[in-house]
1. If residue C:235 satisfies every condition in (1) free of Cβ contacts under 8 Å to residues at least 24 places away in the same chain; (2) surrounded by 18 or more Cβ atoms within 10 Å (Cβ to Cβ); (3) of a type outside the set (Val, Ile, Thr) but one, which is the exception?
2. Please note which helices (runs of 4 or more DSSP H) are completely contained in the stretch D:4-123 and include at least 3 residues that are away from chain C (no Cβ under 14 Å).
3. Given A:186, A:160, which one is touching a strand residue (DSSP E or B) at 6+ places or on another chain (Cβ under 9 Å) and not assigned by TED's automatic domain parsing to the domain that holds residue A:80?
4. Go through the stretch E:215-241 and report how many residues are over 30 Å from residue D:27 (Cα atoms) and either more than 8 Å from chain F (Cβ to nearest Cβ) or among the charged types (D, E, K, R) (or both).
5. Within the stretch D:80-92, is even one residue closer than 24 Å to residue D:226 by Cβ, surrounded by fewer than 24 Cβ atoms within 10 Å (Cβ to Cβ) and among the small types (Gly, Ala, Ser)?
6. Looking at (1) closer than 27 Å to residue C:179 by Cβ; (2) in contact (Cβ under 8 Å) with a residue 12 or more places away in the chain, can you tell me which one residue B:196 breaks?
7. With respect to residue C:99, is the statement that it is more than 18 Å from residue C:215 (Cα to Cα) and among the aliphatic types (A, V, I, L, M) true?
8. From B:162, B:180, B:170, which residue is at the interface with another protein chain (Cβ under 7 Å from one of its Cβ atoms), buried (at least 23 other Cβ atoms within 10 Å of the Cβ) and either in contact (Cβ under 8 Å) with a residue 12 or more places away in the chain or out of contact with any helix residue (DSSP H, G or I) (no Cβ under 9 Å at 6 or more places or on another chain) (or both)?
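The values are calculated or read from the model by the stated rules, or taken from the named source; none is laboratory data. For clarity, every value in this text was computed on a predicted model and none was experimentally measured. Here the Cβ positions follow ideal geometry from the backbone for every residue, glycine too, while neighbour counts run over all protein chains shown.
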There are 6 protein chains.
Amino acid sequence: MRICLINPNTTTSMTDLMVRAAQAAAGSGTEIVGVTSSMGPASIESHYDEALAVPGVLAAITADRVAETPCDAYVLACFGDPGLDAAREIADAPVLGIAQAAMALAALVGGGFSVVTTLSRTIGRADELTHRYGVAGLCRGLHACDIPVLELETDPDTEAVLTDACARALTDDGSESVVLGCGGMADLAARISAKIGAPVIDGVAAAVRLAEALVPVAGFPGPASGEYSRPPAKRYTGMLAGFERL
Amino acid sequence: MRICLINPNTTTSMTDLMVRAAQAAAGSGTEIVGVTSSMGPASIESHYDEALAVPGVLAAITADRVAETPCDAYVLACFGDPGLDAAREIADAPVLGIAQAAMALAALVGGGFSVVTTLSRTIGRADELTHRYGVAGLCRGLHACDIPVLELETDPDTEAVLTDACARALTDDGSESVVLGCGGMADLAARISAKIGAPVIDGVAAAVRLAEALVPVAGFPGPASGEYSRPPAKRYTGMLAGFERL
Amino acid sequence: MRICLINPNTTTSMTDLMVRAAQAAAGSGTEIVGVTSSMGPASIESHYDEALAVPGVLAAITADRVAETPCDAYVLACFGDPGLDAAREIADAPVLGIAQAAMALAALVGGGFSVVTTLSRTIGRADELTHRYGVAGLCRGLHACDIPVLELETDPDTEAVLTDACARALTDDGSESVVLGCGGMADLAARISAKIGAPVIDGVAAAVRLAEALVPVAGFPGPASGEYSRPPAKRYTGMLAGFERL
Amino acid sequence: MRICLINPNTTTSMTDLMVRAAQAAAGSGTEIVGVTSSMGPASIESHYDEALAVPGVLAAITADRVAETPCDAYVLACFGDPGLDAAREIADAPVLGIAQAAMALAALVGGGFSVVTTLSRTIGRADELTHRYGVAGLCRGLHACDIPVLELETDPDTEAVLTDACARALTDDGSESVVLGCGGMADLAARISAKIGAPVIDGVAAAVRLAEALVPVAGFPGPASGEYSRPPAKRYTGMLAGFERL
Amino acid sequence: MRICLINPNTTTSMTDLMVRAAQAAAGSGTEIVGVTSSMGPASIESHYDEALAVPGVLAAITADRVAETPCDAYVLACFGDPGLDAAREIADAPVLGIAQAAMALAALVGGGFSVVTTLSRTIGRADELTHRYGVAGLCRGLHACDIPVLELETDPDTEAVLTDACARALTDDGSESVVLGCGGMADLAARISAKIGAPVIDGVAAAVRLAEALVPVAGFPGPASGEYSRPPAKRYTGMLAGFERL
Amino acid sequence: MRICLINPNTTTSMTDLMVRAAQAAAGSGTEIVGVTSSMGPASIESHYDEALAVPGVLAAITADRVAETPCDAYVLACFGDPGLDAAREIADAPVLGIAQAAMALAALVGGGFSVVTTLSRTIGRADELTHRYGVAGLCRGLHACDIPVLELETDPDTEAVLTDACARALTDDGSESVVLGCGGMADLAARISAKIGAPVIDGVAAAVRLAEALVPVAGFPGPASGEYSRPPAKRYTGMLAGFERL
């Protein structure tokens, strides 16, 4: 099975980090194909960044879809799940966002979970997603560690700060598990989990494994007239004219 | 007061139709400034179209914001409210989507409302918006008339089909009002209302009047550290490099 | 356009204050017609007061409706929205409560909002209204400033106390805007907004502008057999016999 | 124990019918004291009627409270529960509405329930109450039998029509029980129950028995600073001046 | 009327305590028949204990149902309401859990309520029940006193600790009443209520009185094809073979 | 990895069928260990059956936990997820119910889903689970095929009846996928999916793959003082005395 991990931002070092985590999480027969977005923001820390990350995500899926050997599933590796609905319309295979995947695994652990994310301004989006995915009642708290996305890798304090934030979230919220709210934290989940003594869920690994779970489900793409059926063809113009060809 | 009506699709005849409806709805001191998106789909009938309409919306707001005399409010004239959160981050003034505006007015009528939209595949998005805007409990039914967006103006049966759909929605759902689910229906609300004997709410007129209501509220942009504060600056690359400059 | 602002309590100085705020908020072609309730409590600070403010509200609407030139809309200027449903049954025009109006505008600002009201015992009613109007998910906190309604005008500390309460609510709740929870605070919104750097929404101004937005919507009164159609005629007796004539 | 059954409308024959049903439902040591409202509508079939039934309800409670031997609990015998919150503020004892009581008993039966009421225009109010009382998720359907309140007693078809409506509701909604949506149906519950083979719950009997259950709970009136503590004293004027004296 | 109080744990002293409280709460014509579970845990302080308390509950109901004079209602006297749905399927009479009963009475008091239970690990179950019973919106707080179930009777500090926890819950949560979260607290409600000046609701007394309210409702068992109709007969084997005979 | 599939009923042919489906769904390194409950009902078609299936489930987990090589995860292969919370308390590894697993995968497909189950009386339980697992908003319909559990394997019409029910559910509910509501349907998902052209999700396969996804998440068992920490030791007596030893 080949899973296409799309990094919705344009920072290749972050793609590399996430592909490593994805490959480590994948089953023995699974190959991770990493794709860095070809356009848009270097990191995603606002609604603006996220909205402008979507074209790159869709371009990546379209490129893979018309490749000789399309992938068997797509993982959108940004905790805002940018473009998830649109991606499902154009893909012929399952599409998973790492936020939905991480929250789904946390729900399967049982009990409530906490989210620890990067900047506090992204909490609004995470909260909205808990409602969209039906897990708002299980999410006991949303917390920021206030480290910008691109400093997660370089800040020497990242692991200590995140570990502390996860430990406090677990206790203060009375949660059974913690969800990490950024793809750039993918390499830290296991170590933090060992330190705090509770499941710590990284969305990249979660999405890869859930993709492996969804691929064998027959029936993709879904109903021909459904919400996610192929978009009606139409004229695209201007800078985005290339998106006319699906 | 100057209100910038942004047509998120690239079809200028639809911009013209909506500007006319907006100007007719506006107060005597209000000027409507119509802007057609410079890029993306000719109409918006899927999650894919909607996602790719967002860059044009954001470009239009940024262009206006750095103009000599920025507008006092922005109306996103597509019933999916594409890019609403991102637009609020970069605008220094209120931003209204026509779906949120129409549903807000319907809630103020009192009782339940029905939505009559274009293609059935867009019902999923409308339903999601009723939840995001808190009116899911008031929305008694979502119905499609199955006329594509760009045929609303030219199909000779549009008014009859819509009137019939609105009348049936009112009765079957036991609603007090009907919301029209497409900016391209903006010129029909009053006539349909007269025929079915109940309020019929067009989002374009609704958004213009609600913008007039919001502009005098001081305090935009809001709290400096809030969810809608200005996005952190960062590198944008590829086709979307121009979006780096806010 | 003529909008009838009904003060549901019997204190004329408060009517005057609210009419001034309403007229200041109204468009150039709008005349505010102030009406003080002819019966009931001098201020509304309990469920008991609110229930007994309703007959005066309904009498005012009936009186206006049979006047030579009925008004084009009605504003119920008490944050409990007393008698809103009943008023909608007997009016031939839109009826707005200032709580619903203020909350609707806050929802259109985007993000969450806080409410700052008078006495803590009224928080239960405000909370109930956030649920009825569908905005409970957006309301991040309900706070009391513990100044009785009729002392708002005379207490020299009112503005300072309210400003402080609004600033704290904004920060503690992580809100994007603040709603003032009493018609008697109508003159303070703009000044507090300037001080705290965020939208502060007064329901009186909000209701006037939303009334201006609703009046042009055709179709009032709504469906002939709907929830808000004219009440069935019947015998009224005792002290309230006069209410038999609608 | 003495329970004061207040008929919020002014029709004494309906009071008599409900007192008989209440007495039949009461325990051996319970005396039902029937009170017919001294003012307002002869029956309650609209928001307008209901709002104007509230003063009579509050007057009845105040009169009883200052009587030599106040009652031990109050039952508001109209399915809209008019004035319930206000009544709780002024009573020194439990106050029950027949809608809340009937729905509470239906919830204790287990599974879902249906409501069969009089006129379809009252369904909106019943629906709102299911949300206020937390049982919206258990209420599987709201149905009208289209018999006006005051014709329930005289229409020879009442029992047959109601039985049929209850039987259909049970089947169509997949409910475990049926709630009768009007105090005027109090004498029919047992017979309809026998015919349809399922619990049929009349709010008058339900409220009497639940009042008997609540009276022994110590601690009324509740917390001194709570939502239902005694209303602040203030000036009442006009036709309602008498309500100043609590 | 005879009400069967089933203690789902095997500790007879706790049965005795609860039967005394139940008899004290019952009407003059009501006899309480106490039954201690014949199998399973000595107290119920985990999901494991609760699950394994269910067979004893079902055995007790089946034994009573085939007795010469079956009881008129069943009370499951453990705050987790173990086996409630299954018990309703096999009983020919109403079945009440003390958690549902206590929460139902608290809802009828009006306003919000707090729960004070034994160990913090049981809060998850109590929270789940507030959702199942539709009262989650009324439950303002869930608190543990950290006294194990079987020490409630013997710990000399029980009353003081509980009184303190109830008083704090009332204030901190802004509640109108407190629900005691364990059948073993049944004898303390009245004294704590007197001390904190608010209704304190014990589920045992609540369930007995609500059973008295439900018994006269005709129609048990409910619809022949409903969710709670008699289970289909089938083979039971192993240690539980005896449960085949209903 | 070794996954213990526990059949909560006592019918070994059904265990065999589910183990085959589980092994087919499992990754190459995964061994499925099938366990048939040693006590209780031959099939689970009521709340009664489900409650009495729980002891066998818990006994199976305890037996495995003290085995030389405990399994890495547990799958409870009955659509009611009997004993899930209790099982999580005593297991040192993830525990999945097939209902939660199937619904989680359906949510990851995107859009709404329908459930097709066996007997209509089990719809109440399935509905309750959609609420517990947070997917009630995504579940567009619950349908019964009215084939008893143990006849699924032998009834020659099973596949045709189920295919028809799934196809109708998809269309009538406007769903994107269908969830099969019984472990005994595990072998039919792929064939039905091919026929109706949409994902059809069997909980057994779903749970196996999700178990494979959860096992690598470190941190089981979770927080030492959490809801799912090991139950307090205590005395068990009677027929269930053996459950004292965990």
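1. The one condition residue C:235 does not meet is (2).
2. Per the criteria, D:12-25, D:98-109.
3. Numbers: A:160 fails: touching a strand residue (DSSP E or B) at 6+ places or on another chain (Cβ under 9 Å).
Selected residue: A:186, the only one of A:186, A:160 that is touching a strand residue (DSSP E or B) at 6+ places or on another chain (Cβ under 9 Å) and not assigned by TED's automatic domain parsing to the domain that holds residue A:80.
4. Qualifying residue count, the stretch E:215-241: 6.
5. yes
6. (1)
7. Values: more than 18 Å from residue C:215 (Cα to Cα): yes; among the aliphatic types (A, V, I, L, M): yes.
Spelling it out, residue C:99 is indeed more than 18 Å from residue C:215 (Cα to Cα) and among the aliphatic types (A, V, I, L, M).
8. Working: B:162 fails: at the interface with another protein chain (Cβ under 7 Å from one of its Cβ atoms); B:180 fails: at the interface with another protein chain (Cβ under 7 Å from one of its Cβ atoms).
So the residue among B:162, B:180, B:170 that is at the interface with another protein chain (Cβ under 7 Å from one of its Cβ atoms), buried (at least 23 other Cβ atoms within 10 Å of the Cβ) and either in contact (Cβ under 8 Å) with a residue 12 or more places away in the chain or out of contact with any helix residue (DSSP H, G or I) (no Cβ under 9 Å at 6 or more places or on another chain) (or both) is B:170.
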